[in-house]
Amino acid sequence: MTSHAEEIEDEQISRIEKGKGRDCHGGIETVICTSPSIVCLGQKLIAEMIGTYFIIFSGCAVVVVNVLYGGIVTFPGICVTWGLIVMVMIYSTGHISGAHFNPAVTVTFAIFRRFPWYQVPLYIGAQLTGSILASLTLKLMFKVTPEAYFGTTPHDSSGQALVAEIIISFLLMFVISGVATDSRATGELAGIAVGMTIILNVFVAGPISGASMNPARSLGPAIVMGVYKGIWVYIVGPFIGILAGGFVYNFMRFTDKPLRELTRSASFLRTVSPNNSASNSKS
């Protein structure tokens, strides 16, 4: 038989689990540590930070290693590494935070009402924190020479790099929208599809712009290493491309529903047409 004190303790634990715990000092509602929504948001931010950290760490580390150790990784190896780490982190944290890892993706989801606006600054902060921490780790691990700089700078002109970033960012968001937000797609394949898209984009645009597609990917190394050449390209380009990719796919998805409704209406009219009624009466 439980005592009265134990019953009170169980009731308090139950209230805490429901986010209704009270401060023992002033009877003030305790929100930060006892609200399930706050705890859930904290888990999402940690997942975004860790995911972004390992994407930047692995993808940028392979760039440094390739330069410092005589091209041992090769350019195709760099492309595959970027795709693999993105795929791995999507499957690791996608069910927790949605696996954005990209401020432009987060903003685009919010614009199309697939993500709450109040969480956007927090997600972006977590993504930038992960990128900066990964860049600091690489700076401490390696003696990074100017040739081994693991950030992104335009190879030739900023205009050429901007166009490349817009195009590959468009493709990235188009694929993300197709495999991760459309209920008709096979969601289990989202990580593979996005990872393969990253590999293709790095193959195509890597020698031109560095294939960033992600403001956090470029800002972290730039801040840590103090290299800001053409940094605006990697903020403007991904945002334009990703917004455009999301808009185009959502336009296609929205026009699908009216077409299906028209088809159903036509089928319904055929079933209740006078000819059908007459044939039914004769039978």
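Restricting the first residue to segment 106-118 and requiring it to be at pLDDT 95 or above, which pairs with a second residue that is assigned to a loop (DSSP other than H, G, I, E, B) meet a Cβ separation below 8 Å and a spacing of at least six or different chains?
Taking only residues 6 or more apart or on different chains, the pairs are Thr106/His100; Thr106/Phe115; Phe109/Gly98; Phe109/His100; Phe109/Phe115; Ala110/Pro116.
Regarding Tyr149, is this residue crowded, with 18+ Cβ neighbours inside 10 Å and either on the phi > 0 side of the Ramachandran plot or of a type in the set (Phe, Trp, Tyr) (or both)?
yes
Would you mind listing the helices (runs of 4 or more DSSP H) fully within segment 197-283 where at least 2 residues are at pLDDT 95 or above and either touching a strand residue (DSSP E or B) at 6+ places or on another chain (Cβ under 7 Å) or surrounded by 16 or more Cβ atoms within 10 Å (Cβ to Cβ) (or both)?
Ranges flagged: 215-225, 233-271.
Check segment 167-188 and report whether any residue there is over 20 Å from Ser58 (Cβ atoms) and among the basic types (Lys, Arg).
Yes, because at least one residue in segment 167-188 is over 20 Å from Ser58 (Cβ atoms) and among the basic types (Lys, Arg).
Under the condition of being assigned to a helix (DSSP H, G or I) and of a type in the set (Val, Ile, Thr), which residue from segment 161-187 is surrounded by the most Cβ atoms within 10 Å (Cβ to Cβ)?
Ile168
Select from segment 48-80 the residues that are of a type in the set (Asp, Glu) and free of Cβ contacts under 8 Å to residues at least 24 places away in the same chain and list them in ascending order.
none
The values are calculated or read from the model by the stated rules, or taken from the named source; none is laboratory data. Computed from a predicted model, the values in this text were never measured in an experiment. Neighbour counts run over all protein chains shown; Cβ positions are idealised from the backbone, glycine included.
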